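A.B. asks: Below you'll find the structure I mean.
The values are calculated or read from the model by the stated rules, or taken from the named source; none is laboratory data. These numbers come from a predicted model, not from an experiment. Glycine also receives a Cβ, built like all others from the backbone with ideal geometry; neighbour counts cover every protein chain displayed. Only protein heavy atoms, including side chains, enter the accessible area calculation; ligands, DNA and RNA are left aside. Shrake-Rupley method; radii C 1.70, N 1.55, O 1.52, S 1.80 Å.
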Amino acid sequence: MMTRSQQSRTSRLTRPSVAIAAAVAVTAGVVAAAPDAKTAAVAGPKLSLIAASKSVTLDSWKEDPGVYLDLGTYLTSEKGAFEFKVTRKSYKDPVVASQIIRNGKKTTTKALPAGLVKDFTGLPNFMEVSVVDAAGKSVLKKTESFCPNNASGRVRPDAPANSRYPQSCPVNPFTLGSVWGVENGWAANTYAGYYSAPVQLAAGTYTAKISVTKKYRDLFGIADKPQSVKVTVRERSWEEEEGGSGGAAAKVAPRSLHAGHAGHQAAAGHAGHQAAADPAPSGHAGHGAPARTDAPATATTGAGATFNVGHGPYPPAPPALPWALKKQAAEKQAGKDAFGAQGFSAARVGDRAGQTDGSRQAPGAQPNAKRPTGKAAVPDVPKPDLRSLPAYGITVSDGYEDVPGKDYLAFSANVWNAGPAKLVVDGFRSPGKELMDAYQYFYDAKGKQVGYTPTGTMEWDPRPGHEHWHFTDFASYRLLKADKKETVRSGKEAFCLANTDAVDYTVKNANWHPGNTDLSTACGQENSISVREVLDVGSGDTYTQDLPGQSFDITNLPNGTYYIQVLANPENRLKETNHKNNSALRKVVLGGKKGARTVKVPAHHLVNAN
């Protein structure tokens, strides 16, 4: 079983910072095309839809049929960035999206029509895809959302070397604010990736027509120039591939790609039955299907969404490869089967000089070389503001064969940092000691460390699904009765801090490109002597309901109304700007009978997600 350190969603919605070679050749003619009068009259950047290639080959696996329509089309942005600010005042208020148009020192805000954007996952029904077979018969017509933060790359050599925008559109149901954007001179993949379901297409040849839907063409002044791509669908089998040149990759890739699509019903056993009444770890993972799943994107896409998924027990999707790398490998492997080409390109994946394909794991910050010396002090400088999101991903189950006769209420939880300063905690271990001594650091406006204070300990968590260093007393989980008095407390109060979710990137000092997202570096190894854990401004740390400690023992609780409380910084060990906003409650209603308990999760104001 993989450790939680190995299971971080490292691929993310990738954002290659080098030109996508396949796209550049196509772009030269498309971007230069003169806009029609209607397009020219609309303020804002000039947007164009392009296709990186005239043809693509897509796979459908016999063991898990379904084709993911990554057709290699991109939306380019010229004469300015295609930028949005998306917010909601509270969970009682709807999501509001505005386009930000920058012209030199002048900034204009253009509100999108009310109700157009309902969540933070992107612009809904932005793309239209229609597919006809070799005889010209229509076999598919669908629309897809578009995340401007999707996989992207430069389309001209004088474009900015790096994009300022975040790497994905948040999907946490309790997201509060987001920033979307396609950088000036860049192109973003229009494939919906994680947000898109596979389609059923038999092996054969097809023609796909891809276009921006009319309401968005009118809204943003996009020329009506659909792209046509020839599509070859081939049927393959994991078992048949095992003996081929790409055998090793075949065994791993397809299972990872389709894990999200399959829902993990049979994966990883049964998880996390470690509540206060059952302190021993179960050694198993899974309460049925998780709240979030791996990206169903193919290994060669640039659109695999693996950021914003939280800590969980499932293996990550394989590294995403930019289109140009896939094409280059295929050309060099001419004469070999396409799977061999994929294996070759996989061997070349990685960040290095001249190539940034987004597969690099965001590194954890390095702790100070030595323990802090001198007198501890808490200076008058900006500090973090820890807040909890309401619980979600709420399920019930019995104890299965692991803990027979038990019933559990499992949930996912997130604690995030509203800023204006990041939370930095270092742990140092004396030789031979089981615990690390933990210290919180403070920084001035220029980023210089100006103080520190002891803040408890860090402990090694050996349970499957964790296996890394946890900072103690970071958060607490409690199940409250209808009168909001405590009835059950989870035994989990220690956490590894990592920036797994973009909760609100509109707050002051939000870091749109946080590091410390890779748990294998953020949380250390068993033999580590020191570790640094960081929770950046705007980001939160999600623990999914599949992990040990993410559940309450409800075996002997009567049916009725309860509240799941997620409480950040329960002992106030950490110094922050506000200790009064650390609690979040989520109402649940328990029913059923022993061994077959049920749970109803009412909407939390306008958020109707369990």
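A.B. asks: Where does the charge balance sit around residue 511 when Lys and Arg score +1, Asp and Glu -1, over other residues with C-beta under 12 Å from its C-beta?
C.D. replies: Net local charge, residue 511 excluded: +1.
A.B. asks: Among the trypsin sites (Lys or Arg not before Pro) within region 93-170, which fall in a DSSP loop and have no more than 15 other Cβ atoms within 10 Å of their own Cβ?
C.D. replies: 105, 118, 137, 164
A.B. asks: Let me ask another. Where in region 179-223 does the label zone of residue 609 land, with the point 7 angstrom along Cα→C-beta and an amide N cut-off under 14 Å?
C.D. replies: Only 195 pass the distance filter.
A.B. asks: Right, another one. Find out how many positive minus negative residues lie around residue 484, taking Lys and Arg as positive, Asp and Glu as negative, among other residues whose Cβ is under 13 Å from that of residue 484.
C.D. replies: Once positives and negatives cancel, what remains is +3.
A.B. asks: How about region 48-121: which GluC sites (Glu not before Pro) there are in a DSSP loop, with at most 14 other Cβ atoms within 10 Å of their Cβ?
C.D. replies: Within region 48-121, the qualifying GluC sites (Glu not before Pro) (loop, at most 14 other Cβ atoms within 10 Å) are 63.
A.B. asks: Compute the length gained on full extension between residue 102 and residue 197: take 0.36 nm times their separation in residues and subtract their Cα-Cα distance, giving the result in nm to one decimal.
C.D. replies: 30.7 nm
A.B. asks: Follow-up. I'd like the GluC sites (Glu not before Pro) in region 402-475 restricted to DSSP loop residues with at most 14 other Cβ atoms within 10 Å, sorted by number.
C.D. replies: Here the GluC sites (Glu not before Pro) that fit, given the DSSP loop and packing criteria, are 434.
A.B. asks: Going 7 Å from the Cα of residue 218 along its beta-carbon direction, which residues of region 42-74 have the amide nitrogen within less than 15 Å of the resulting point?
C.D. replies: 42
A.B. asks: So, one more: Please work out how much length the chain gains when fully extended from residue 92 to residue 143, using 0.36 nm per residue of separation minus the C-alpha to C-alpha distance, in nm with one decimal.
C.D. replies: Result: 15.5 nm gained on full extension.
A.B. asks: Binned at 10 Å from 0, what are the whole-percent values of the Cα-Cα distance distribution for region 118-200, short to long?
C.D. replies: So the P(r) values, bin by bin, are 17, 38, 28, 14, 3.
A.B. asks: Please give the net charge around residue 128, taking every other residue with its beta carbon less than 15 angstrom from that of residue 128, where Lys and Arg add +1 and Asp and Glu add -1.
C.D. replies: Neighbour charge sum, excluding residue 128 itself: +4.
A.B. asks: In whole Å, how far is the Cα centre of region 193-243 from that of region 45-102?
C.D. replies: Comparing the Cα centres of region 193-243 and region 45-102, I get a distance of 13 Å.
A.B. asks: I need the calculated FRET efficiency for the pair residue 572 and residue 62, taking r as the beta carbon distance and R₀ as 35 Å, to the nearest 0.05.
C.D. replies: In this case the efficiency is close to 0.05.
A.B. asks: Could I ask something else about it? Find the accessible area per residue for region 96-242; the probe is 1.4 Å, ligands and nucleic acids are left out, and the unit is Å².
C.D. replies: 42 Å²
A.B. asks: Take the Cα pairs of region 58-113, get the Kirkwood Rh, then feed it into Stokes-Einstein at 25 °C and 0.890 mPa s and tell me D in µm²/s.
C.D. replies: My calculation gives 161 µm²/s for D.
A.B. asks: Once Rh for region 153-218 is found with the Kirkwood sum over Cα pairs, what is the Stokes-Einstein diffusion coefficient at 20 °C and 1.002 mPa s, in µm²/s?
C.D. replies: Roughly 138 µm²/s, to the nearest whole number.
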